[in-house]
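Trainee: Have a look at the structure that comes next, please.
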Amino acid sequence: MTTPPVRSAIATSSRISGARRVITSLSRPSPVVLRCNILDRHRMASTASGRRKERVVILGSGWAGYGFARSLDPNKFERVMISPRSYFVFTPLLAGTAVGTLEFRTVLEPVRRLGLDRFHQGWADDIDFARKTIRVEANTSDDLASKTQAAMAHRPDGDGGTRRGAMFDVEYDKLVIAIGSYSQTFGIEGVREHANFLRDVGDARRIRMKVLQSFEKAALPVTTDEERAKLLHFAIVGGGPTGIEFAAELHDLIRDDLKSTYPELMHFVRITVYDVAPKVLPMFDKKLADYAMDRFRREGISVKTEHHLTRVRPDEHTEGCLKLRIREYGDEEVSAGIVVWSTGLMQNPLLQKLGTKAFALPGSEDGTAEMQLLRDAKTGSIATDAYLRAKVAPRGATAASSGAVPLPDVYSIGDCAAVAGLGLPATAQVASQQAAHLARQLNRSASVNAGADVGAKPFRFRNWGTMTYLGGWKAIHQSSADELTGWAAWVLWRTAYLTRSMSIRNKISVPFYWAISWIFGRDISRF
């Protein structure tokens, strides 16, 4: 039996617990309060001098967004990133992961290891430039994070049939738009549904599975020779560096690893690169491009220029295969086991939404002046000045309007930006240099004066050269200082990509997996 003192202690404990529950219930924030907490959670962050740090919100975790967040001084700014994926992808090595030369995590850098003040995994659905507020849709779907096809189906305001995530607002003091771009499909029928892109790890994993599956299906005794020829035709659309490097990596996989495993299938294998231009690798001079084509010709890789793909559809006679209609072939269709699409870039749908809305400049006296975000007439990117500040003009004006002015505290870098007068290509090299430049200028301005802008030093691009892998330990490299081909260019190619890897972990793991693949061969299992 419980003694009276013990019963008293239990009763007292129960009353205290009940009181705690009541207090907790009364203090639990409503959805409105919770939203305000999300907006203001870090407003008390301050520098060593006692003043509040400005909140810099970065949209995107690609070359521009990740590089900027990595370089921005956390002691001077509050860093907040919004991106549908929680990692950065080292895209130049993505083709190697698609064939098993590297493992997927060797090209990834987790965003949260940057030590950001806040990271929100979601899509920027809209931006209120007048109130300095971003409307964000939460993203918890793996497909929307790692596969280009799923990401392209997502649209602001829920267009495209995707399920909407939770919505919330994030305020900013300064905004850096680095949302990148999507693969350009030119509206060709069936490309988005049936082609394979190569811009993210989900794309690379899907290609790797598809290539190995094609060989397994072709090796079955019930598969006919006609079906084997379809399954083992690998079509690559796009003759730029991505398409050429994937063709080279695929050829290495087949020659070095699959040939000994499926020797009876080798005479069915074909790799074809299609491009609409008169020559592939247009960024290289003719001598280097011809060297690349000569090497492909010797290795049995077919390159067909001035070929226009007009449709991609499933092959109704062979499961898993596709039919390609090419304008130059008339009604005749080409069969392929896989189509890898790498033909150019299109702007993020968010830019289309922002480019059509009118808004008042922050701090305007009457708030009635209608301004419009300017976009480059050729690329659709956000037009910026030489200091990477987004430009606006009165509603209805064009990018060439003399009334254009910088939008206060809003910057744009990477594929989604077009710097006035420079005409820069949408490459990782440009994006990373812009990110580093903008971060340096903001760090410097914060040291001099709180709230200062970046109008001290304009951005200047320094071209370090262009390089492309051609397979078989051969590559080409072109810069203003030299032109290299063959093994020497391959050494430079690998050295450059290794040194550009972001983390020490990947600087170690990348050469480790290169060595493993060279000594033991690539992993050809499907899982």
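The values are calculated or read from the model by the stated rules, or taken from the named source; none is laboratory data. Predicted, not measured: the structure shown is a model, and the values here were computed from it. Every residue, glycine among them, receives a Cβ derived from its backbone with ideal geometry; neighbour counts consider all protein chains shown. To get the accessible areas, we keep the full protein, side chains included, count just its heavy atoms, and leave off ligands, DNA and RNA. Shrake-Rupley method; radii C 1.70, N 1.55, O 1.52, S 1.80 Å.
Trainee: Over region 93-139, what is the relative contact order in percent, taking alpha-carbon pairs closer than 8 angstrom and at least six residues apart?
Mentor: Relative contact order, region 93-139: 24 percent.
Trainee: Keeping all protein chains in place and using 1.4 angstrom, which order do Met209, Met502 fall into by accessible surface area, from largest down?
Mentor: So the residues, ranked largest to smallest area, are Met209, Met502.
Trainee: Please give, to one decimal in nm, the separation of the simple spin-label points placed at Arg526 and Val276, each 7 Å out from Cα toward the Cβ.
Mentor: Here the modelled spin labels are 3.3 nm apart.
Trainee: Multiplying the sequence separation of Arg205 and Asp73 by 0.36 nm and subtracting their Cα-Cα distance, what value in nm do you get?
Mentor: Taking 0.36 nm per residue and subtracting the Cα distance, the gain is 44.0 nm.
Trainee: Which of the listed residues, Val276, Leu265, Ile326, is farthest toward the dipole's positive end in region 237-361, when Lys, Arg count +1 and Asp, Glu count -1 at the beta-carbon?
Mentor: The residue sitting most towards the positive pole is Val276.
Trainee: If the label point is 7 Å along Cα→Cβ of Trp473, which residues in region 494-519 have backbone nitrogen under 19 Å from it?
Mentor: 494-498, 511-519
Trainee: Let me ask something additional. For Arg395 and Ala138 in one chain, what is 0.36 nm times their gap in residues minus the Cα-Cα distance, to one decimal in nm?
Mentor: Length gained between Arg395 and Ala138: 89.4 nm.
Trainee: For the pair Gln352 and Met502, how long in nm is the line joining their label points, each one 7 Å along Cα→Cβ?
Mentor: It works out to 2.9 nm between the two label points.
Trainee: Also, quick follow-up: With unit charges on the beta carbon (Lys/Arg positive, Asp/Glu negative), name the residue among Gln352, Leu250, Ala218 whose Cα is farthest towards the positive pole of the charge dipole of region 210-360.
Mentor: Gln352
Trainee: Could I ask something else about it? Pairs Lys210/Lys323; Lys210/Lys259; Lys279/Lys304; Lys230/Lys259; Lys353/Lys457; Lys53/Lys174: which exceed 20 Å Cα-Cα?
Mentor: Beyond 20 Å between Cα atoms: Lys353/Lys457.
Trainee: Could you list the GluC sites (Glu not before Pro) in region 314-386 that lie in coil according to DSSP, counting only those with at most 15 other Cβ atoms within 10 Å of their Cβ?
Mentor: Loop-located and lightly packed - Glu316, Glu319, Glu332, Glu365, Glu370.
Trainee: On a full-extension model of 0.36 nm per residue, what is the gain between Arg255 and Ile519, subtracting their alpha-carbon distance, rounded to one decimal in nm?
Mentor: Full-extension gain reported as 93.5 nm.
Trainee: Let me ask something else about it. Taking the alpha-carbon centroid of each part, what is the distance from region 282-325 to region 468-527 in angstrom?
Mentor: 23 Å
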